[in-house]
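The structure under discussion appears below in the form of structure tokens.
Read-outs throughout are calculated quantities, based only on the coordinates presented, and are distinct from any laboratory measurement. Quantities reported herein were computed from a predicted structural model and do not represent experimental measurements. No Cβ is skipped: glycine too gets one built from the backbone with ideal geometry, and neighbour counts run over all protein chains shown.
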Amino acid sequence: MKRVALWLVCGSALAFSQKVPQKNPAVDKIVKEISAKSIRSIVEKLAGFETRHTLSDTVSGVRGIGAARRWIKNELEKYAQQSDGRMAVEFFETVVPTSARIPSPTKIVNVVATLSPEPTHHLMPDRVLVISGHYDSRASNPLDSVSAAPGANDDGSGTAVVLELARVMSKHRFEATIVFLAVAGEEQGLLGSAAWAEMAKQKSWNVEAMLNNDIVGNSKGGDGTSENKYVRVFSEAFSPLDTGSAFRRRISLGLENDGGSRTLARYVKEVGELYNKGFGIEMVYRLDRFLRGGDHRPFHDRGYRAIRFSEVKENYDHQHQNVRTESGKEFGDLPKFMDFDYCARVARTNAAVLASLAWAPAPPSNPGMSVAGLGYESSLRWGKNMEPDVLGYEVRYRKTSAPVWQSTVFTTDTTITLKVSKDEYLFGVQAVDTEGNRSLVIVPTPVR
């Protein structure tokens, strides 16, 4: 990606020598603390509950979803002890009605750890970042709450990512609220995540980004091929809120790939690859895989930016299968089929993104691109950030057919004129602080 240290204003090019940090050493430190050994320990403990089916035993201390959620809560409470009182852990409970996979009204219990930000400037916006994995599991029959369903990879792996990031990040002080969310009821219809997302929506919480981790711990596919050098990130272009005139406007402006969730995916790719050399991000332009669903969907459906991490090589013999051996072939979602080094690399990508956003300024407000008349240049403007450590802004642009940002111009002003045609390029603006943390990119709207 081309980065340019120029300040182009009112059609003239002025030299600008400000050095913009590319990486924050504190983010690097967090990334390096992520441990494959710790992730393995968490997955093996979760699998040891035998089943974590949403309808399984809630009383036993050693088996079933009740024992699992109490253990998760206890682990998060241990991590909270190193947070100087900034992390609070609780159960989030909701009762869901009867449905195809819920034979009678059932209590769904999420485990939630909320890491609050440092008290800062009173004008700074309240931002919430969410990372999730579902801790429930299932066997072949989605209503079978008794048979063994160890759920090591689906989704002990995602739950382990959430817990591992909570362990590492609870020791640090951030500028945004981070919610570490272990949800239940995913296999019954995304029930736990839907309940929490709806609560956030009803309370008008500013959920800036949601990272869902579901099946992120295997590198050997059922077809015998292997891949451990990158992870898939699924994102949808449009949300159910993009209807009517909003939908027509997005299409007319060529912004099909610049909705909130797709913009978040682009940020994940940039930041993840910056802090994890040799481990890539493959953006998949779909909400999810065919015939499957994930806990990012209830957030995306409510207009929040939300994406899903999922391994590249899946093995369906180890997903949604009764534990058994047939003709010498093993079935079942067991820890021995996982690649914990791969899972740790996915966790490090999550950590880089989450820490970068949690330390970053808020995205610039009200960005606009002038369309008052014909011309050969592109003029943009946006609101000034209130955070005292904002260094300036990066204006991003790319060809309309390009999947990622191609060029970057830095400025300390809140207006800029670029010598490129607005007819041929897409633009975005992000705030940068003195440590090199970057906000999400916000796409400007046409203004006259």
Original post:
So what is the orientation-averaged projected area of the range 165-289, using the convex hull of its C-alpha atoms, in nm²?
Top reply: 10.8
Original post:
Using Cα atoms only, what is the angle between the long axis of helix 157-169 and the major principal axis of the chain, expressed in degrees (0 to 90) to the nearest 10?
Top reply: 60
Original post:
With the calculation restricted to Cα positions, what are the radius of gyration and Dmax of the range 275-403 in angstrom?
Top reply: 21.8, 72
Original post:
Sequence-distant or interchain residues sharing an amide H contact under 5 Å with Ala306, placed H: which?
Top reply: Met210, Ser261
Subject >> Over the chain, relative contact order from alpha-carbon pairs under 8 Å, at least 6 apart, % >> reply: 19
Subject >> Extension reserve of the Ser147-Asp413 stretch, reckoned as 0.36 nm per residue once the Cα distance is removed >> reply: 89.6 nm
Subject >> All lysines inside 25 Å of Lys203 as judged from Cα atoms, apart from same-chain residues fewer than 8 positions distant >> reply: Lys73, Lys107
**OP:** Just rank His300, His318, His134, His172, fewest to most, by other beta-carbon atoms within 10 angstrom.
**Re:** His172, His318, His300, His134
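Give the peptides 261-273, 51-63, 88-100, 399-411 in descending order of average Cβ contacts within 10 Å, highest first.
Sorting 261-273, 51-63, 88-100, 399-411 by mean packing, highest first, produces 261-273, 51-63, 399-411, 88-100.
How do Tyr135, Tyr316 line up, fewest other C-beta atoms within 10 Å first?
Going from least to most buried by this count: Tyr316, Tyr135.
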**OP:** Please turn the phi angles of the range 318-335 into ³J(HN,Hα) values with the Karplus equation 6.51 cos²θ - 1.76 cosθ + 1.60 (θ = phi - 60°), one per residue in order, whole Hz, x for glycine and proline.
**Re:** 10, 10, 6, 10, 4, 6, 6, 10, 10, 6, x, 9, 8, 10, x, 8, 10, x
Original post:
Quick one: Cα centre-to-centre distance for the range 408-436 and the range 212-240, in angstrom?
Top reply: 32
**OP:** Specify which residue in the list Val109, Ala306, Ala166 is farthest towards the positive end of the charge dipole of the chain, using unit charges on the beta carbon of Lys, Arg (+1) and Asp, Glu (-1), about the Cα centre.
**Re:** Ala306
Original post:
Could you give the nm distance between label points at Thr225 and Asn206, where each point is 7 Å from its Cα heading toward the beta carbon?
Top reply: 4.4
Subject >> FRET efficiency for Ala372 and Arg292, using Cβ-Cβ distance with R0 set to 45 Å, rounded to 0.05 >> reply: 0.45
**OP:** Rank by packing, highest mean first: peptides 22-28, 149-155, with packing defined as the count of other Cβ atoms within 10 Å averaged across residues.
**Re:** 149-155, 22-28
**OP:** Please go through the residue pairs Lys78/Lys313; Lys29/Lys277; Lys37/Lys329 and name each one whose alpha carbons sit more than 23 Å apart in this structure.
**Re:** Lys78/Lys313; Lys37/Lys329
**OP:** Pick out, from Gly436, Val420, Gly64, the residue whose Cα sits farthest towards the positive end of the charge dipole of the chain, with +1 on the Cβ of Lys and Arg and -1 on the Cβ of Asp and Glu.
**Re:** Val420
**OP:** For helix 36-47, report the angle its Cα long axis makes with the longest principal axis of the Cα atoms of the chain; keep it between 0 and 90° and round to the nearest 10°.
**Re:** 40
Original post:
Between rounded, prolate and oblate, where does the range 34-359 land on the alpha carbon gyration tensor, with a ≥ b ≥ c its root eigenvalues, rounded for a/c under 1.5, else prolate if a/b exceeds b/c?
Top reply: rounded
Original post:
Among Ser252, Ala139, Leu76, whose Cα sits farthest toward the positive end of the charge dipole of the chain (+1 at Cβ of Lys/Arg, -1 at Cβ of Asp/Glu, about the Cα centre)?
Top reply: Ser252
**OP:** Sequence neighbours fewer than 8 away in the same chain don't count; with that in mind, list the lysines whose C-alpha is under 24 Å from Lys399.
**Re:** Lys2, Lys269, Lys419, Lys422
Subject >> Dipole magnitude of the range 34-359 about its Cα centre (Cβ charges: Lys, Arg +1; Asp, Glu -1), debye to nearest 20 >> reply: 400
